[in-house]
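J.: The structure that follows is given in the form of C-alpha cells.
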Amino acid sequence: MSKKYSNEEIQSAATNIRKHVLQLTLERNGCYLSQACSVAEILATLYMRVLNITESSAPAIPEAFPGTPSKGNMDYLQGAAYHGKLTAPYDRFHFSCSLCGTRLCFANRMWTTSA
C-alpha cells in the first residue's frame, strides 16, 4: 500500500483492534483477548507502515468458515487473498500458530481507524 500512516493513525488502529476484540470476546463468551491486545501496535504498524502489500483481493466481510482444509474440502478462499498480490516485489506475511487465533478475531478490521 502506498499511503504511509502517521503514528497517531497507527495508535488509533491499535486501539480499535483492542476494542473490536473485546467486543467479540464479550459477544462470543471468549476469544484470544490477551494475544490480540499484546500485538495490536505491532500488527497495526506492519500493515499500515512496514509491509509492501497491494489492496486485498478478498471480500471485506469473510464468508462463513467452510471447515478445515482436507482432501474433500479444497474449494475455499485462502487467507493469502487478504494480502493482495502474491508476486514480487510485494511482501507476504505469515502468521505463526500463536497469532492465527488473534487474526481470526479481527480479520480485516485492524486497519480501520474508527470504531
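The values are calculated or read from the model by the stated rules, or taken from the named source; none is laboratory data. It should be emphasised that the depicted structure is a prediction, and the values quoted were computed from it without experimental measurement. Note: ideal-geometry Cβ built from the backbone for every residue, glycine included; neighbour counts use all protein chains shown. Please note that ligands, DNA and RNA were not included when accessible areas were found on the heavy atoms of the full protein model with its side chains. Shrake-Rupley method; radii C 1.70, N 1.55, O 1.52, S 1.80 Å.
J.: Considering only region 48-65, I want to know if a residue exists there that is among the polar types (S, T, N, Q), in contact with a Pro (Cβ under 8 Å, 6 or more places away or on another chain), closer than 23 Å to residue 4 by Cβ and modelled with pLDDT of 80 or more.
T.: Step one: filter region 48-65 for residues among the polar types (S, T, N, Q), giving 52, 54, 56-57.
Narrowing further to those that are in contact with a Pro (Cβ under 8 Å, 6 or more places away or on another chain): 52.
The next check asks that each one be closer than 23 Å to residue 4 by Cβ; those that pass are 52.
Cutting the leftovers down to modelled with pLDDT of 80 or more gives us 52.
Yes.
J.: Could you check residue 80 against (1) surrounded by fewer than 13 Cβ atoms within 10 Å (Cβ to Cβ); (2) at pLDDT 60 or above and say which number it fails?
T.: Here residue 80 clears every test but (1).
J.: For region 58-76, which positions are over 15 Å from the mean Cα position of the chain (by Cα) and surrounded by 10 or more Cβ atoms within 10 Å (Cβ to Cβ)?
T.: Once the filter is applied, which keeps residues that are over 15 Å from the mean Cα position of the chain (by Cα) and surrounded by 10 or more Cβ atoms within 10 Å (Cβ to Cβ), region 58-76 yields 66, 69, 73, 76.
J.: Pairs, please: C-beta under 7 Å, at least 6 apart or cross-chain, first residue touching a residue at least 24 places away in the same chain (Cβ under 8 Å) and in region 40-68, second in a loop (DSSP other than H, G, I, E, B) and hydroxyl-bearing (Ser, Thr, Tyr)?
T.: Matching pairs, first to second residue: 48/5; 49/5; 52/90; 53/90; 54/90.
J.: Here's a follow-up. Report yes if residue 94 is surrounded by 10 or more Cβ atoms within 10 Å (Cβ to Cβ) and either modelled with pLDDT under 85 or over 25 Å from residue 11 (Cβ atoms) (or both), otherwise no.
T.: Numbers: surrounded by 10 or more Cβ atoms within 10 Å (Cβ to Cβ): no; either modelled with pLDDT under 85 or over 25 Å from residue 11 (Cβ atoms) (or both): yes.
When the stated conditions are applied, residue 94 does not pass them.
J.: Evaluate the following for residue 17: is it touching a residue at least 12 places away in the same chain (Cβ under 8 Å), of a type in the set (A, V, I, L, M, F, W, C) and open to solvent by 80 Å² or more (accessible area, probe 1.4 Å)? Outline the logic, then answer.
T.: On the way: touching a residue at least 12 places away in the same chain (Cβ under 8 Å): yes; of a type in the set (A, V, I, L, M, F, W, C): yes; open to solvent by 80 Å² or more (accessible area, probe 1.4 Å): no.
In short, no.
J.: Another question, if that's okay. Which residues, taken from region 37-57, are among the hydroxyl-bearing types (Ser, Thr, Tyr) and buried (at least 17 other Cβ atoms within 10 Å of the Cβ)? Even if it seems obvious, please write down each step before you answer.
T.: Pass one, region 37-57, residues among the hydroxyl-bearing types (Ser, Thr, Tyr): 38, 45, 47, 54, 56-57.
Correct list: 45, 47.
J.: Can you name the residue in region 20-36 that is assigned to a loop (DSSP other than H, G, I, E, B) and surrounded by fewer than 19 Cβ atoms within 10 Å (Cβ to Cβ) and is also nearest to the chain's Cα centre (by Cα) among such residues? First the steps, then the outcome.
T.: Of the residues in region 20-36, the ones assigned to a loop (DSSP other than H, G, I, E, B) are 29-32.
From the residues that got through so far, the ones that are surrounded by fewer than 19 Cβ atoms within 10 Å (Cβ to Cβ) too are 29-30.
Working: 29: 21, 30: 18 Å.
Filtering region 20-36 for residues that are assigned to a loop (DSSP other than H, G, I, E, B) and surrounded by fewer than 19 Cβ atoms within 10 Å (Cβ to Cβ), the one nearest to the chain's Cα centre (by Cα) comes out as 30.
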